[in-house]
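> Please see the structure below; I have some questions.
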Amino acid sequence: MTNPSPSPRKKPRSKLKKINFSLRDKWKHILKDVEKKEIPVTFLQAIAVTLIDGTVVDINIRELIMAGTDPDDIEIMIDAKLKALDDIIHDVDFFISIDDVVKTVQPVTDELLKDL
């Protein structure tokens, strides 16, 4: 009786997997995990204010900036509106432009880390 030929050995699978993120995905992931207390207006796409009666008021920040409104004026207007409506606001959602964050922060990050 002959022994059957041994089965080919399989390469062990690595328990670590490399995840390839695009530059935009990397920043999206980073921003998701960072506590954001203050966000520059220029990084915002929009703000959605949900009132206690369920009404949602959308403020398109990107549109205001594209129309030439000064970001400082936008910030003052938003602060004033949020303070005035504070007692009837249920929630405020800020929508960040990941692309603008990448364009602004990535070059600085690259410069800081270039010698590592």
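> Sort Glu111, Glu75 so that the residue with the fewest other Cβ atoms within 10 Å of its own Cβ comes first and the one with the most comes last.
Ordered from fewest to most neighbouring Cβ atoms within 10 Å, Glu111, Glu75 come out as Glu111, Glu75.
> Rounded to the nearest 20 Debye, what is the dipole magnitude of segment 39-113 about its Cα centre when Lys and Arg each give +1 and Asp and Glu each give -1 at the C-beta?
It comes to approximately 80 debye.
> Dimensions of segment 39-113 along principal axes (Cα, Å, largest first)?
Computed over segment 39-113, the largest-to-smallest principal extents equal 48, 24, 17 Å.
Each value in this text was obtained by applying a stated rule to the coordinates, not by laboratory testing. Just so you know, these numbers come straight off a predicted model, no measurement behind them. Glycine gets a Cβ as well: all are built from the backbone with ideal geometry, and neighbour counts include every protein chain shown.
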